[in-house]
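Structure record follows, encoded as structure tokens.
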Amino acid sequence: VQLQAYGGGSVQAGGSLRLACVASGGTFSRFHMAWFCQAPGKEHEFVAVIRWIGDSTYYADSVKGRFTISRDNAKNTVYLQMNSLTSEDTAVYYCAARLYGSASRRPTEYEDWGQGTLVTVSS
């Protein structure tokens with residue numbers, strides 16, 4: 001499946017952004033969908049994941065209570081609502097899709113990746 005992420009930008013600390021990732025070329029509703037982020041000089045870091053059926057979500061401790069992942073299978077889209085942003089959230093955010101197995105937190109277990117969208121939070 002091909003993934004295209006949107007919605008990054010620059011925001012002041014305390015602000016909000018909503019990222020979207022649109023899928024094409026596959027049966028979106030069958031994929032677990034996750035968001036990862038990568039800050040300069042760091043590895044991909046897990047942010048959130050939603051199961052293919054949308055019944056369960058999991059978050060990194062650093063974003064719990066601030067970020068919300070959701071999906072609209074009719075629109076082949078997964079979202080990441082980001083609230084109360086801090087400078088620590090500055091990174092390139094990637095959406096990723098996994099067809100088989102569990103809704104993993106490991107980036108190596110995802111088969112397909114979007115191109116990334118940059119989020120910059122200024123304090």
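For segment 82-112, chymotrypsin sites (Phe, Trp or Tyr not before Pro) are listed when DSSP marks them as loop and at most 14 other Cβ atoms sit within 10 Å of their Cβ; the list is 100. Take 75-87, 11-23 and order them by the average number of nearby Cβ atoms within 10 Å per residue, most first; the result is 75-87, 11-23.
Residues in segment 18-28 carry Karplus couplings, in order, of 10, 8, 10, 9, 9, 9, 8, x, x, 8, 3 Hz; the curve used is 6.51 cos²θ - 1.76 cosθ + 1.60 with θ = phi - 60°, and Gly or Pro positions show x.
Which residues make up the longest stretch of the chain that has no GluC sites (Glu not before Pro) in a DSSP loop with at most 14 other Cβ atoms within 10 Å?
44-110
Each listed q (0.14, 0.15, 0.26 Å⁻¹) maps to a log10 I(q)/I(0) for segment 2-67 from the Debye sum over equal C-alpha point scatterers, namely -0.51, -0.59, -1.39. The phi torsions of segment 114-121, fed into the Karplus equation with coefficients 6.51, -1.76 and 1.60 and a -60° offset, translate into couplings of x, 7, x, 9, 7, 10, 10, 10 Hz, rounded to whole numbers, with Gly and Pro shown as x. Average projection, convex hull of the Cα set of the chain: 6.7 square nanometres. Between the amide H of residue 26 and those of 2, distances stay under 5 Å, these residues lying 5 or more places away or on another chain, with hydrogens modeled in the peptide plane.
Computed about the Cα centre, the dipole magnitude for segment 83-123 is approximately 80 debye when only Lys and Arg (+1) and Asp and Glu (-1) carry charge, each at its Cβ. Packing-based ranking of 64-70, 113-119, 53-59 yields 113-119, 64-70, 53-59, ordered from highest to lowest mean Cβ neighbour count within 10 Å. One decimal place: the segment residue 106-residue 122 gains 2.9 nm when fully extended, by the rule 0.36 nm per residue minus the C-alpha distance.
Heavy-atom surface analysis with a 1.4 Å probe gives segment 44-92 a carbon and sulfur content of 46 percent of its accessible area. Summing Cβ point charges (Lys, Arg +1; Asp, Glu -1) relative to the Cα centre of segment 7-123 gives a dipole of roughly 240 debye.
Between residue 22 and residue 64, the distance separating the two model label sites (each 7 Å from Cα on the Cα→Cβ line) works out to 3.5 nm. With the simple model of a label 7 Å out from the Cα in the direction of the Cβ, residue 99 to residue 53 spans 2.0 nm.
Surface exposure of the chain, expressed per residue as accessible area with a 1.4 Å probe, stands at 51 Å².
Coupling constants for segment 96-104 follow from the phi torsions by the Karplus curve (6.51 cos²θ - 1.76 cosθ + 1.60, θ = phi - 60°), and in residue order they are 8, 10, 10, 8, 10, x, 8, 7, 7 Hz; glycine and proline get x.
The values are calculated or read from the model by the stated rules, or taken from the named source; none is laboratory data. Note that the structure is predicted; figures quoted are calculated from it, not measured. FYI the Cβ positions are ideal-geometry reconstructions off the backbone, even for glycines, and counts take in every protein chain you see. Calculation scope for accessible area: heavy atoms of the full protein, side chains included, ligands and nucleic acids excluded. Shrake-Rupley method; radii C 1.70, N 1.55, O 1.52, S 1.80 Å.
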